[in-house]
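Structure, as structure tokens:
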């Protein structure tokens with residue numbers, strides 16, 4: 001059957017705008033990221049070494065995952081390549097105490113997730129593997145032994161397991177609670193109520209590499225928190241110096257894949273509309289980490305959802321950063 005000219009014109013007027021909108025949604029044309037400040041001295045981006053020999057190790061607790069197209073996780077990504085998104089927490093062990101950085105998906109994730117509108121359920125669908133508390137308990141570590149849980153930010157896939165650790169002090173920047181709306185990726189039931197023992201982070205005016213403020217948790221330079229800009233109102237990053245003298249940087253959701261830092265690329269524009277707080281300052285943060293990697297080539301950057309980076313290191317119960325490759329017993 002031959003379509004009439006009017007029908008063809010009507011189809012063109014519908015399909016072409018939809019196609020152009022999809023390209024724009026995925027990030028075409030790409031957002032240009034430029035450094036807003038010049039690095040006067042290379043030393044500004046040098047990462048300080050610990051004050052003494054480190055005895056710190058850590059593990060990656062993969063609590064869940066999702067499969068998606070690369071185009072949906074990094075600007076300019078392929079629409080033909082499928083990638084895995086990890087939902088992970090990080091278990092840090094140090095002689096002065098152990099702590100978690102993010103919890104990933106928690107024991108009540110199924111009911112928590114139901115509060116999202118349909119479009120967010122479709123965009124953020126996940127597969128639960130095993131909660132952080134479940135993984136630790138299965139290896140003989142009681143949840144009430146975890147005294148401190150830190151958060152890169154409080155979006156649903158990071159804070160879902162917050163209440164699975166009722167004995168812990170909960171550390172985040174207070175700005176995370178300024179505007180925790182569902183449409184921005186927050187689920188208030190994950191962190192509301194009087195049972196949460198808040199201990200909000202307070203940074204000191206002590207520079208660390210190119211960050212003007214920092215918090216040296218153990219006082220020995222092995223675990224240093226820094227404020228990060230753009231993704232949420234209170235995003236936090238964590239530098240770790242491990243026993244085998246490696247340096248790691250947990251960057252939360254500043255980017256979803258390490259290539260974002262290497263090539264100075266945002267998330268796709270549509271994702272930024274939903275989850276990112278301020279694109280301008282986020283671009284500054286991406287540029288800052290890009291410079292850190294250039295000046296410190298040994299630095300191992302771990303975005304919270306980059307399964308390729310995390311998988312290469314290995315998941316719990318493997319211990320990362322030890323003088324020998326070890327598995328927790």
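Rule-based calculations on the coordinates, nothing more; no lab input. Keep in mind the model is a prediction, meaning the values are calculated, not measured. In this analysis, Cβ positions are derived from the backbone assuming ideal geometry, glycine residues included, and neighbour counts consider all displayed protein chains.
So, in Å, what gap is there between the alpha-carbon centers of the stretch 197-245 and the stretch 160-188?
About 18 Å separates the Cα centre of the stretch 197-245 from the one of the stretch 160-188.
Run the numbers on the chain and let me know its relative contact order in percent, using alpha-carbon pairs under 8 Å that are six or more apart. Before the final figure, lay out the partial values.
Numbers: 701 pairs, mean separation 70.8, N = 329.
Worked out over the chain, it gives 22 percent.
At 222 nm, what value in deg cm²/dmol follows for the chain if DSSP H runs of at least 4 each add -39500 (n - 2.57) and the sum is divided by all its residues, to the nearest 500? Show your work: numbers first, answer last.
Numbers: 9 runs with 79 residues, N = 329.
Calculated at 222 nm, the ellipticity per residue is -6500 deg cm²/dmol.
Would you mind telling me which residue in 309, 82, 255 has the biggest mean-square fluctuation in a Gaussian network model of the chain, where springs connect alpha carbons within a distance under 10 angstrom?
82
Compute the Cα gyration tensor for the stretch 125-267, then decide on rounded, prolate or oblate, letting a ≥ b ≥ c be the square roots of its eigenvalues: rounded whenever a/c is under 1.5, prolate when a/b is larger than b/c in the other cases, and oblate in all that remain. Walk me through the numbers on the way to the answer.
Working: a/c = 1.34, a/b = 1.17, b/c = 1.15.
Verdict is rounded for the stretch 125-267.
Give the share of C-alpha pairs in each 10 angstrom bin for the stretch 49-103, from 0 to the last occupied bin, in whole percents, shortest bins first.
21, 29, 25, 19, 6
Please give the length that would be gained between residue 273 and residue 205 if that part of the chain were fully extended, namely 0.36 nm times their separation in residues minus their C-alpha to C-alpha distance (nm, one decimal). Before the final figure, lay out the partial values.
Values: separation 68, 0.36 × 68 = 24.48 nm, distance 3.20 nm.
Full-extension gain reported as 21.3 nm.
So for 228, 124, fewest C-beta neighbours within 10 Å to most, what's the order?
Final ranking by Cβ density, sparse to dense: 124, 228.
Can you give the extra length, in nm with one decimal, that the chain gains between residue 194 and residue 142 once fully stretched, where that is 0.36 nm per residue apart less the Cα-Cα distance? Present the calculation step by step, with values, prior to reporting the outcome.
Values: separation 52, 0.36 × 52 = 18.72 nm, distance 2.24 nm.
Answer, rounded to one decimal: 16.5 nm.
Please determine, in degrees from 0 to 90 and to the nearest 10, the orientation of helix 5-26 with respect to the longest principal axis defined by the Cα atoms of the chain, where the helix direction is its Cα long axis.
In the chain, helix 5-26 runs at an angle near 10 degrees to the longest axis.
Per the Cauchy relation, a quarter of the hull surface: what is the mean projected area of the convex hull of the alpha carbons in the stretch 245-294, in nm²? Present the calculation step by step, with values, prior to reporting the outcome.
Working: hull surface 14.4 nm².
About 3.6 nm², averaged over all directions.
How high is the FRET efficiency between residue 280 and residue 107 when r is their beta carbon distance and R₀ equals 30 Å, given to the nearest 0.05? Walk me through the intermediate numbers first.
Numbers: r = 38 Å, r/R0 = 1.25.
The value I calculate is 0.20.
With a Förster radius of 22 Å, plug the Cβ-Cβ distance of residue 69 and residue 263 into 1/(1 + (r/R0)^6) and report the FRET value to the nearest 0.05.
Working: r = 18 Å, r/R0 = 0.80.
The computed FRET efficiency comes out at 0.80.
Kindly express, to the nearest 10 degrees and within the range 0 to 90, the angle between helix 279-295's C-alpha long axis and the longest C-alpha principal axis of the chain.
50
Tell me the relative contact order for the stretch 105-164 as a rounded percent, counting alpha carbon contacts under 8 Å between residues six or more apart. Don't skip to the answer; put the middle values down first.
On the way: 41 pairs, mean separation 33.3, N = 60.
Relative contact order here is 56 percent.
In a Gaussian network model over the chain where Cα atoms closer than 10 Å are linked, find which of 47, 302, 206 has the largest mean-square fluctuation.
206
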